[in-house]
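Undergrad: Before anything else, here's the structure in question.
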Amino acid sequence: MMRNLLLAGAGAIVAATLLPVTADATEHSRTIRTDLRVTSDPGVRIAVREVRPARPSLRPPVLLLHGARVPGVASFDLPVPGGSLAGVLADAGHRVYIMDARGYGASTRPPSMEQDPRANPPAARSAEVVRDVAAVVDLISRHTRHPRVALLGWATGGHWLGQYAAANPHRVSHLVLYNTLYGAHDGHPTLGRGSDYEDPDRPGQFHAAAFGAYRLNTADSLLPSWDAGIPGDDKTVWRDPAVAAAYQRAALASDPTSASRTPPSFRAPTGALEDSFLLATGRQLWDASLITAPTLILRSEYDFWSRPEDPRAMRDHLVHAAEVRSVELTGATHYAHLDRDNHGRKRFLAETTNFLARR
């Protein structure tokens with residue numbers, strides 16, 4: 001078995017082995033889209049968008065899972081050039097499925113998200129989301145007749161999918177963990193001890209009373225972390241303004257109540273924040289040694305969420321994975337799949353599509 005192949009940056013020799021990826025204005029029009037629903041826990045309906053190629057292929061189906069704040073379609077299927085990772089993967093021959101975890105987007109929101117957020121503890125913790133993932137994987141297998149599904153998770157989505165893959169190794173064909181916390185290291189510049197997420201009265205514990213069940217997010221709140229990762233003052237050099245605007249619009253549109261507030265804002269559960277705080281303070285919530293699928297670990301050089309220690313620990317723990325490939329996306333931000341091609345997106349797409357094409 002091929003083990004622990006570590007690549008740092010985009011050296012000329014490595015880059016030459018990557019197949020070209022076409023990601024242009026047609027990536028959203030060459031595919032067929034269908035919106036589906038599947039039941040997870042009783043009374044919990046999970047929204048799934050299928051993006052499939054016009055011509056069928058033998059390549060494995062792919063499940064995409066969003067991060068802690070912005071739901072699936074806004075993260076992976078924006079109707080603008082350069083905005084649809086799902087479209088690129090479908091053009092490469094995969095049937096792609098984008099899910100919204102409970103509490104996000106078009107999926108069922110817990111009752112606590114219909115109340116004052118401070119009246120309830122953080123909603124949608126990892127154990128619940130992993131049950132949502134299990135229901136969606138079963139749906140994909142029924143639709144495609146593939147017993148195993150490829151999984152790609154962004155940030156907290158990677159943590160959720162890693163936890164699922166550790167518990168269900170026989171259901172996973174490939175695993176891609178993109179800017180994901182793993183938890184084997186205590187210390188984080190913005191999420192861990194000493195941050196706003198820590199309870200000042202209980203050091204080392206998440207400040208649940210301050211965050212409650214969910215948080216409200218405006219369109220403007222989506223850009224500061226993206227801007228901070230981009231060197232220089234002119235962010236348009238790095239990021240297409242049309243992609244950023246579509247990202248903001250889709251995030252607001254994901255919540256039917258967003259227009260009822262001034263300024264408009266969408267709700268996101270805070271369970272992911274509590275789990276991320278735990279990961280950032282050294283609590284490992286899943287064990288990568290239980291994963292058997294080939295695994296690709298992608299970390300952007302300018303990522304603010306994951307740390308260099310996370311891919312290193314994952315590599316060390318993935319002792320039973322059929323293959324481990326760990327890549328640093330040199331010069332890329334946390335949002336590499338939405339940035340311009342020459343600022344991380346092209347490398348991200350090439351690494352991902354080539355890895356998923358392997359049998």
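Undergrad: Output the residue which, of all residues in segment 125-165 that are over 17 Å from the mean Cα position of the chain (by Cα) and hydrophobic (A, V, I, L, M, F, W, C), is farthest from residue 356 (Cα to Cα).
TA: So, considering only residues that are over 17 Å from the mean Cα position of the chain (by Cα) and hydrophobic (A, V, I, L, M, F, W, C), the one farthest from residue 356 (Cα to Cα) is 135.
Undergrad: If you go through segment 128-162, how many residues are surrounded by fewer than 23 Cβ atoms within 10 Å (Cβ to Cβ), farther than 12 Å from residue 40 by Cβ and touching a helix residue (DSSP H, G or I) at 6+ places or on another chain (Cβ under 9 Å)?
TA: Count: 4.
Undergrad: Anything in segment 271-302 that is buried (at least 18 other Cβ atoms within 10 Å of the Cβ) and farther than 24 Å from residue 204 by Cβ? List them, or say none.
TA: Residues satisfying the conditions are 290, 291, 293, 294, 295, 296, 297, 298, 299, 300, 302.
Undergrad: So the check is Cβ under 6 Å with 6+ separation or different chains; which pairs have a first residue in segment 245-274 that's closer than 23 Å to residue 124 by Cα and a second one that's among the basic types (Lys, Arg) and open to solvent by 30 Å² or more (accessible area, probe 1.4 Å)?
TA: Final answer for the pair search is 268/69; 268/215; 270/215; 271/125.
Undergrad: Does segment 222-240 contain any residue that is under 23 Å from residue 73 (Cβ atoms), surrounded by 15 or more Cβ atoms within 10 Å (Cβ to Cβ), among the β-branched types (Val, Ile, Thr) and in contact (Cβ under 8 Å) with a residue 40 or more places away in the chain?
TA: No, there is no match, as no residue in segment 222-240 is under 23 Å from residue 73 (Cβ atoms), surrounded by 15 or more Cβ atoms within 10 Å (Cβ to Cβ), among the β-branched types (Val, Ile, Thr) and in contact (Cβ under 8 Å) with a residue 40 or more places away in the chain.
Undergrad: Still on this structure: For segment 169-224, name all the residues that are of a type in the set (Phe, Trp, Tyr) and either in a helix (DSSP H, G or I) or in contact with a Phe, Trp or Tyr (Cβ under 7 Å, 6 or more places away or on another chain) (or both).
TA: Scanning segment 169-224 gives 178, 197, 206, 211.
Residues are listed down the side, and each one gets a yes or a no for (1) under 28 Å from residue 110 (Cβ atoms); (2) modelled with pLDDT under 95; (3) in contact with a strand residue (DSSP E or B) (Cβ under 9 Å, 6 or more places away or on another chain):
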{"residue": "243", "(1), (2), (3)": "no, no, no"}
{"residue": "265", "(1), (2), (3)": "yes, no, yes"}
{"residue": "273", "(1), (2), (3)": "yes, no, yes"}
{"residue": "291", "(1), (2), (3)": "no, no, yes"}
{"residue": "300", "(1), (2), (3)": "no, no, yes"}
{"residue": "322", "(1), (2), (3)": "no, no, yes"}
{"residue": "338", "(1), (2), (3)": "no, no, no"}
{"residue": "346", "(1), (2), (3)": "no, no, no"}
{"residue": "350", "(1), (2), (3)": "no, no, no"}
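Undergrad: Give the number of residues within segment 72-90 that are open to solvent by less than 10 Å² (accessible area, probe 1.4 Å) and either in contact with a helix residue (DSSP H, G or I) (Cβ under 6 Å, 6 or more places away or on another chain) or hydroxyl-bearing (Ser, Thr, Tyr) (or both).
TA: Qualifying residue count for the region: 11.
Undergrad: Just name the residue that is most open to solvent (accessible area, probe 1.4 Å) out of those in segment 94-124 that are closer than 12 Å to residue 51 by Cβ and in a loop (DSSP other than H, G, I, E, B).
TA: That would be 95.
Undergrad: For the condition at pLDDT below 80, more than 12 Å from residue 91 (Cβ to Cβ) and either out of contact with any Lys or Arg (no Cβ under 8 Å at 6 or more places or on another chain) or surrounded by 13 or more Cβ atoms within 10 Å (Cβ to Cβ) (or both), what is the one hit in 23, 12, 47?
TA: Within the list 23, 12, 47, the selection yields 12.
Undergrad: What are the residue pairs meeting all of these: first residue in segment 336-359, first residue buried (at least 20 other Cβ atoms within 10 Å of the Cβ) and in a helix (DSSP H, G or I), second residue at pLDDT below 95 and not aliphatic (A, V, I, L, M), Cβ atoms under 6 Å, and 6 or more apart or on different chains?
TA: none
Undergrad: Moving to a separate point now. Criterion first (out of contact with any helix residue (DSSP H, G or I) (no Cβ under 8 Å at 6 or more places or on another chain) and open to solvent by 30 Å² or more (accessible area, probe 1.4 Å)) does residue 263 satisfy it?
TA: Judged against the criteria, residue 263 is not a match.
Undergrad: Tell me whether segment 319-328 contains one or more residues that are over 17 Å from the mean Cα position of the chain (by Cα), among the aliphatic types (A, V, I, L, M), more than 20 Å from residue 87 (Cβ to Cβ) and crowded, with 23+ Cβ neighbours inside 10 Å.
TA: yes
The values are calculated or read from the model by the stated rules, or taken from the named source; none is laboratory data. The model shown is predicted, which means the values in this text are computed figures rather than measured ones. Glycine also receives a Cβ, built like all others from the backbone with ideal geometry; neighbour counts cover every protein chain displayed. Calculation scope for accessible area: heavy atoms of the full protein, side chains included, ligands and nucleic acids excluded. Shrake-Rupley method; radii C 1.70, N 1.55, O 1.52, S 1.80 Å.
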